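Here the structure is laid out as structure tokens; the discussion comes afterwards.
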Amino acid sequence: MYLPIKSAVVAVLVTIHLTALAAPPAPVDDKLGMIDDCRYADDAAAQKAWRPMGGSAPAVAATLEGRKALRLPCNFAGTAIERASWDRKVKLDLVPCQGVQFKVFCKNPAPISHFSIYFQSGGGWYSTGFFPEAAGWNTVTINKASTRSEGTPAGWSNIETIRISAWRGRSEDTELLLGDLRMTGVLGVDASVAVVRGESLARGRSGEAKSADQFAEGVTQNLTALGIGCSMISDLDLTAERLAKAKLVILPHNPAMPDKAADELIKFLGRGGKLLVFYSLPAKLRPAVKIEGGAHTKAKNPGQFSTISFADGALPGTPQRVGQRSWNINDAKAVPGASRVLAEWLDDKGQPTGHAAVIASDNCIMMTHVLLSDDSVNKRRMLLAMVGHLEPDLWWQTTNAGIARIGQIGGCKNFDEAAALITKTAKGNRKAKAALEAARKFRAEAVALGVKEKYVEASEKAAAASQCLSEAFCMAQKPLAGEFCAFWCHSAFGVEGMEWDEAIKRLADNGFTAIVPNMLWGGVAFYNSKVLPQAPDMAEKGDQIAKCLAACKKYGVQIHVWKVNWNTGHRVPKEFIEKMRSEGRLQMSSKGKEEPWLCPSHLENQKLEVDSMVEVARDYDVDGIHFDYIRYPDGDHCFCAGCRERFAKAAGVEIKDWPKDVLGKGPFRQQWLDWRRSNITAVVKAVSEQARAAKPKIKISAAVFRNWATDRDGVGQDWKLWCDKGWLDFVCPMDYTESDRQFDSWIALQKDWAGKVPVYPGIGVSSSGSRLGADRAIGQIAITRKHDTRGFIIFNYGVIEAKDLVPMLGLGITAKR
């Protein structure tokens, strides 16, 4: 949080205006919110507090660089442990905070695949991952909104255990040091906004629970990026007392809310609190905010809800138009005389739809859909304007933070550092230097406006400076000749709102050399298949491989057709699933729960997988075919009756207690793991041999889990063997992370495992586990070049990537050569 700009200090600020707004935050009491400072007197005290899980080495007290810390040894050499873990028993109420923060030091992270932190509550856990980014001490911040739920946690008010885990990457010992574990984002201390996550959904409409988590995380990430301190509170923990120090409450996606939580929000509003709502406004709250609920309205056609168009002057600080391709809305209405429409939806042709996009009353703003991530720059400005309108005191804070952020790009900490890097990298690039100078000019104007307390205008100038600096940074990068530059495209129909011709041309114009489109699943095809059922959409939209292939030939882009193996897919015909079920060809968990994946040990399923991929190779002039989901769903599959029979026969054993005999410490555990792997490997081998026989120059590749050492047992994916045997021409580990250090460490391991087979690392620009802007994507591309991979592949080619990311990368790092 930056110190406020007040009129009394304007004279001083004028004299130092280029640095005043980037002043350091006010000091915070070191003991405030401390959970465990990890400064133990001796090993016995450390071990009493932190208990190792089975096979892990005990914690010890340590001193590093003159400060006490907790040492956690990771004993991977000569052991078979999957992870090193330690539990700390606690009694914590983490409701009033955004998350936790701690210091971590790991000199050698190479043996570690990833780190996890867990919070036990009742009958479940909250968990998320992290990775130390720097070689020295790192400050790690865990946002509660970024955690996922396992089991049935009882809410953040009842945290009983904190667990730290380091997952094995290689059989080599290392250690990490831990210090100063504390709460962060505490309402009334360093946070003024409360974000309510719909955790009650996990107890009922579980299909909505994941979405509630996703959009809560998105809102908190945007607030943090804007410099707005926020705290995430579960709707199970909501009380007026806990909201006493909040100025604003945000409902990011709360399609259902407990009556008690709604009652507490009414009390909050009654004492002058403000509310920002996305998509779902609970019925109980509508009279209190004077906005009427509306019917769930699905877009009549793709693109019906494409742009949020604000009336002139309706919401100071927001762009007049903000892109958002929504698939449905809540058709809420303003109450005459009590609330008003600020913005309406336009379709993809720019025509009004007659539906409200944003409605405001004196104590509430409601947007009629969730906050999506497309048009991210304008979306963040819109969110800032909404927050600033409801709580004007936040404007100075966000203005300071916005100006301080100018220059935080490509690993740089401030504007001067970024300018020096761009100048050095750009050399004779006149366009990059011109963009840098424009950024410098806008930044100076933003500071001057901030001094005059014109926060809306200052924020707009700061946004313009950041955009110019981003362009300068991207222009300063250089392409690499002969590099495999690719995108995965999860939709068989390509980028929404574009034909394949336009989508592929955009890639080609910006130097990308390949597309990997998802054209078939375990139970459905989006081309004229004689092996798999064809998707119903094909009747209207046609053969998607043919359309994509034609565009690729036209613009000189490689096409590697992607198949999701085993998983039958959400568009699979019901008749196909019924047939598979009746023939015993679907997977079962150890507890007998059906999974709509084909069982890999069933020979007819293996044949179906092989025949469908070979069909593509034989019938279409594609450059390659690409495996995905070439594994089991997890360690708990498949335990169908057929697996029991086929395993017993193959292993020559008698199963007396199924599935216990092959689980955990069962007598046939290792034979079972070997057999599982062999079922997956058999398909890879057969496809490789038969596809190459049909088309000798075809390339065979696979998207794989990143940690072969554990995943070969966990999901039966033995991709090191596939590389050793030459069945793959290149391999694409899905290295989705926001940590460059972790990304670097993974690639080093993967290149060793792959041997002579090229590794084209997967970069998670828009994956479930990571979100990267252009500068962060460039940073990870640079890491692939450091390892001389000669290629990379980005997930996922969608609307945002096509319109925002690809053109930015095309300015330099992938520029057409």
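The values are calculated or read from the model by the stated rules, or taken from the named source; none is laboratory data. The model shown is predicted, which means the values in this text are computed figures rather than measured ones. Glycine also receives a Cβ, built like all others from the backbone with ideal geometry; neighbour counts cover every protein chain displayed. The protein model used for the area step is the full one, side chains on, heavy atoms only, and it has no ligands, DNA or RNA in it. Shrake-Rupley method; radii C 1.70, N 1.55, O 1.52, S 1.80 Å.
Which order do peptides 477-483, 127-133, 594-600 fall in by mean Cβ count within 10 Å, highest first?
Numbers: 477-483: 15.0, 127-133: 20.0, 594-600: 21.7.
Ranking the peptides 477-483, 127-133, 594-600 by packing returns 594-600, 127-133, 477-483.
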With 10 Å bins from zero, work out the P(r) of the chain over every alpha carbon pair and list the percent per bin. 2, 12, 20, 25, 23, 13, 4, 1, 0
Heavy atoms of the protein only, probe of 1.4 Å, neighbouring chains included. What is the accessible area of W137 in Å², nearest 10? 60 Å²
Per 10 angstrom bin, beginning at 0 and ending with the bin that holds the maximum distance, the Cα pairs of region 198-341 fall in percents of 10, 35, 41, 14, 0
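Regarding region 586-730, what's the average projected area of the Cα-atom convex hull, expressed in nm²? Intermediate results must be reported in sequence, preceding the final value.
Details: hull surface 34.9 nm².
Averaging across all directions leaves 8.7 nm² for the Cα convex hull.
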Tell me the accessible surface of S459 in square angstrom (1.4 angstrom probe, heavy atoms of protein chains only), to the nearest ten. 20 Å²
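Before anything else, pin down the relative contact order of region 211-327: Cα pairs under 8 Å, at least 6 apart, normalised by residue count, whole percent.
On the way: 115 pairs, mean separation 22.3, N = 117.
Taking the mean separation of contacting Cα pairs over the length of region 211-327, I get 19 percent.
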When the Cα centres of region 297-362 and region 758-817 are compared, how far apart do they sit, in Å? 32 Å
Here the relative contact order (percent) of the chain, from C-alpha pairs under 8 Å and at least 6 apart, is 10 percent
Amide H proximity to T174 below 5 Å, modelled H, separation 5+ or other chain, gives C74, F76
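Give me the percent of DSSP beta bridges within the chain that run antiparallel, rounded to the nearest 5. Intermediate results must be reported in sequence, preceding the final value.
Values: 87 of 136 bridges.
Looking only at bridges with both residues in the chain, the antiparallel portion is about 65 percent.
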Give the accessible area for W395 in Å² (nearest 10); use a 1.4 Å probe, count only protein heavy atoms, and leave out ligands, DNA and RNA. 30 Å²
Once you have all Cα-Cα distances for region 690-769, histogram them in 5 Å bins from zero and send the whole-percent values. 3, 15, 25, 23, 17, 10, 5, 2, 0
Can you grab the distance from the C-alpha centre of region 554-612 to the C-alpha centre of region 477-510, Å, no decimals? 27 Å
At q = 0.09, 0.12 Å⁻¹, what log₁₀ I(q)/I(0) does a Debye calculation on the Cα points of region 128-280 give, no solvent, two decimals? -0.33, -0.57
For region 699-817, divide the Cα radius of gyration by the Kirkwood radius and give the resulting Rg/Rh value with two decimals. 0.97
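Give me the net charge for the shell around V387: Cβ to Cβ below 12 angstrom, other residues only, Lys and Arg +1, Asp and Glu -1.
Details: positive: K247, K274, R380, R381; negative: E391, D393.
Its environment carries a net charge of +2.
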Report in % the part of the accessible area of the chain that belongs to carbon and sulfur, leaving out ligands and nucleic acids; probe 1.4 Å. 52 percent
Above 13 angstrom, tally the Cα pairs of region 393-441 and express them as a % of all pairs, no decimals. 60 percent
Thinking of region 478-556 as a set of Cα atoms, what percent of all their pairs are more than 15 Å apart? 57 percent
For Q324, list long-range residues whose amide hydrogen, built 1.01 Å from N in the peptide plane, is under 5 Å from its own amide hydrogen. T307, I308
Probe 1.4 Å, heavy atoms of protein chains only: per residue, the accessible area of the chain in Å² is 40 Å²
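In region 286-391, what is the volume of the convex hull around the alpha carbon atoms, normalised per residue and reported in Å³? Could you put the intermediate results ahead of the total?
Values: hull volume 9.9 nm³, N = 106.
Spelled out: Cα convex hull of region 286-391, divided by residues, is 93 Å³.
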Alpha-carbon Rg with Dmax, taken over region 511-624, Å: 15.4, 51
Shape descriptors of region 350-428 over alpha-carbon atoms, Rg and Dmax in angstrom, are 17.9, 54
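Let me have the relative contact order for region 693-783, percent, based on Cα pairs under 8 Å that are six or more residues apart. Don't skip to the end; give the middle numbers.
Values: 128 pairs, mean separation 24.9, N = 91.
In percent, rounded to a whole number, it is 27.
Per residue, how much space in cubic angstrom lies within the convex hull of the C-alpha atoms of region 147-213?
Here the figure is 159 Å³ per residue.
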Dmax and Rg, reported as Rg then Dmax, of region 257-302 (C-alpha, Å): 12.9, 43
